[in-house]
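Undergrad: I'd like to ask you about the structure that follows.
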Amino acid sequence: MTDQPTPSKTISDFEAKLDQADAAVASFVRDDHTLGHIVRTFLRKNPTLVPALVLVLSVLCFGLIAPRFMTPGVLSTIMQQVTVTGFVALAQTLIILTAGIDLSVGAIMVISSLVMGRLAVLTGVPVPFAILIGMFMGGVMGWVNGALVALVKLPPFIVTLGTLSVFSALKLWYSHSESIRNIDIEEKAPMLLWFGTDIKFMGATITYGVVALLVLAFILWYVLNHTAWGRHVHAVGDDPEAAMLSGIKTNRILISVYVVAGVILGFAAWVSIGRVGSVNPISFDTINLASITAVVIGGTSLFGGRGSIIGSVLGAFIVQVFTTGLSLARVDDYWQQFAAGILVIVAVSLDQQLRRASK
């Protein structure tokens, strides 16, 4: 038997040089270390910093332009006037965090105030029960919005545009287009005016409504940043499909956000009665736009998932500071509206820049 030669193994040039190849693991580190990228990243991680700086600079600027601006009386007036807008902005912030928007916030608040006022003053229901029923009605109207958005899958803008008309008609029907006077409230239900009570503080005059705004802002800040519900709200706003795949019940979260916002608006209705001193079915017609402006200026993204409760409060103060400062500087009303529009455009542009920092 003839021995067969063993076949030799041929090694290609590529295989022969494998031992000399670089064994380092590939890494994909972003090399964008420009000043613009660093600033955008820092501001995105600290969204409250921008409105805080804008507020400080605005106060200093108007203090130079109109010396009366820095007096305790004017600053007290600003704090009192911003109260109702601040409460509505808090409710609006929760909704915008879920990538939604609510155009019916003003109508919900006014209906809640009408329920409180008519039950307590005209019907004789005990004031605490009237207040609770008014807040409950705010929650019910919020639930209607949330159910249409979460269950029927309608766009929030269209839903709340429709319910704005529905609620506006209901408030005129329910009130018979009649207001409740201050003298009647003081006589039969003075508790409704409690948040308008003055408090003397370091030479300035504030109200219990201002204190309530700051307390509620702190509570919402804690809930959104230190509870599971708050993390779920951010997750739903950032990416609802990913949130659903991770086990979050997105429909339940969306409905709960609108209900909580409605209850806050019901509470704001009580505050608004103390601020104005009466109940009027056609009051606060412009508060929808004012609340959205405050939220956007405060750094909350209209695309959802990122925002700040404290920033929204600061945004409400910025809007009021500009309005009051321009009035003291004797600037015409249309230029005041012009300035408000510029503020919104700048805020949205900044939001776009900050979003690019995460890409």
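The values are calculated or read from the model by the stated rules, or taken from the named source; none is laboratory data. Model, not experiment: these values are computed from the prediction. A quick note on method: Cβ atoms are made from the backbone with ideal geometry, for glycine too, and the neighbour counts reach across all protein chains shown. All accessible areas refer to the heavy atoms of the entire protein, side chains included, with ligands and DNA or RNA removed. Shrake-Rupley method; radii C 1.70, N 1.55, O 1.52, S 1.80 Å.
Undergrad: With surrounded by 24 or more Cβ atoms within 10 Å (Cβ to Cβ), assigned to a helix (DSSP H, G or I) and at pLDDT below 95 as the only criterion, which of Thr83, Thr77 stands out? So that I can check it myself, show each step before the final result.
TA: Values: Thr77 fails: surrounded by 24 or more Cβ atoms within 10 Å (Cβ to Cβ).
The unique qualifying residue is Thr83.
Undergrad: So in the range 241-263, with the set limited to residues that are at pLDDT 95 or above and either open to solvent by less than 10 Å² (accessible area, probe 1.4 Å) or acidic (Asp, Glu) (or both), which one is farthest from Glu186 (Cα to Cα)?
TA: Applying the filter and picking the extreme gives Val257.
Undergrad: Next question, about the same structure. Considering the range 133-162 alone, what residues qualify as being of a type in the set (Val, Ile, Thr) and either in contact with a strand residue (DSSP E or B) (Cβ under 8 Å, 6 or more places away or on another chain) or under 25 Å from Val121 (Cβ atoms) (or both)? Spell out the reasoning first.
TA: Of the range 133-162, the ones of a type in the set (Val, Ile, Thr) are 133, 140, 144, 149, 152, 158-160.
If the condition is that a residue be of a type in the set (Val, Ile, Thr) and either in contact with a strand residue (DSSP E or B) (Cβ under 8 Å, 6 or more places away or on another chain) or under 25 Å from Val121 (Cβ atoms) (or both), then Ile133, Val140 are the ones that fit.
Undergrad: Can I ask one more? Tell me, yes or no, whether the range 321-335 has at least one residue that is open to solvent by 30 Å² or more (accessible area, probe 1.4 Å), assigned to a helix (DSSP H, G or I) and β-branched (Val, Ile, Thr).
TA: The answer is yes, given that some residue of the range 321-335 is open to solvent by 30 Å² or more (accessible area, probe 1.4 Å), assigned to a helix (DSSP H, G or I) and β-branched (Val, Ile, Thr).
Undergrad: Here is a further query. For a quick check of your reading of the model, give me the residue pairs whose first member lies in the range 215-229 and is closer than 10 Å to Val313 by Cβ, whose second is among the aromatic types (Phe, Trp, Tyr), with beta-carbon atoms closer than 8 Å and at least 6 apart or on different chains.
TA: Close Cβ pairs (under 8 Å, with a partner that is among the aromatic types (Phe, Trp, Tyr)) amount to Leu216/Phe87; Leu216/Phe267.
Undergrad: For the range 190-207, give me the residue count where each residue is surrounded by 14 or more Cβ atoms within 10 Å (Cβ to Cβ) and either at pLDDT 90 or above or over 21 Å from Phe87 (Cβ atoms) (or both). Quick ask: steps written out before the conclusion?
TA: The initial filter retains those residues of the range 190-207 that are surrounded by 14 or more Cβ atoms within 10 Å (Cβ to Cβ), namely 191-196, 204-207.
Restricting the remaining residues to those that are either at pLDDT 90 or above or over 21 Å from Phe87 (Cβ atoms) (or both) gives 191-195.
Number satisfying all stated conditions: 5.
Undergrad: Follow-up question, since we're still on this one. Restricting the range 289-303 to residues that are surrounded by fewer than 21 Cβ atoms within 10 Å (Cβ to Cβ) and touching a residue at least 12 places away in the same chain (Cβ under 8 Å), which is nearest to Leu55 (Cα to Cα)? First the steps, then the outcome.
TA: Of the residues in the range 289-303, the ones surrounded by fewer than 21 Cβ atoms within 10 Å (Cβ to Cβ) are 289, 302-303.
Within this subset, residues satisfying the condition of being touching a residue at least 12 places away in the same chain (Cβ under 8 Å) are 302-303.
On the way: Leu302: 21, Phe303: 24 Å.
It comes out as Leu302.
Undergrad: Looking only at the range 264-282, how many residues end up being open to solvent by less than 30 Å² (accessible area, probe 1.4 Å) and either within 13 Å of Ala89 (Cα to Cα) or among the small types (Gly, Ala, Ser) (or both)?
TA: Residues that pass the stated criteria total 8.
Results for (1) crowded, with 19+ Cβ neighbours inside 10 Å; (2) part of a helix (DSSP H, G or I), shown as yes or no for each residue.
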site	(1), (2)
Phe136	no, yes
Val159	yes, yes
Ser165	no, yes
Ser168	no, yes
Glu178	no, no
Gly209	yes, yes
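Undergrad: Still on this model: Test of understanding: among Arg330, Arg275, Arg306, which residue is out of contact with any Pro (no Cβ under 6 Å at 6 or more places or on another chain), of a type in the set (Lys, Arg) and without any contact (Cβ under 8 Å) to a residue 12 or more places away in the chain?
TA: Numbers: Arg275 fails: without any contact (Cβ under 8 Å) to a residue 12 or more places away in the chain; Arg306 fails: without any contact (Cβ under 8 Å) to a residue 12 or more places away in the chain.
Checking each option against the conditions leaves just Arg330.
Undergrad: Of everything in the range 101-133, what is assigned to a loop (DSSP other than H, G, I, E, B) and either open to solvent by 10 Å² or more (accessible area, probe 1.4 Å) or of a type in the set (Asp, Glu) (or both)? Give them in sequence order.
TA: Within the range 101-133, the subset assigned to a loop (DSSP other than H, G, I, E, B) is 101-104, 124-126.
Within the range 101-133, Ile101, Asp102, Leu103, Gly124, Val125, Pro126 qualify.
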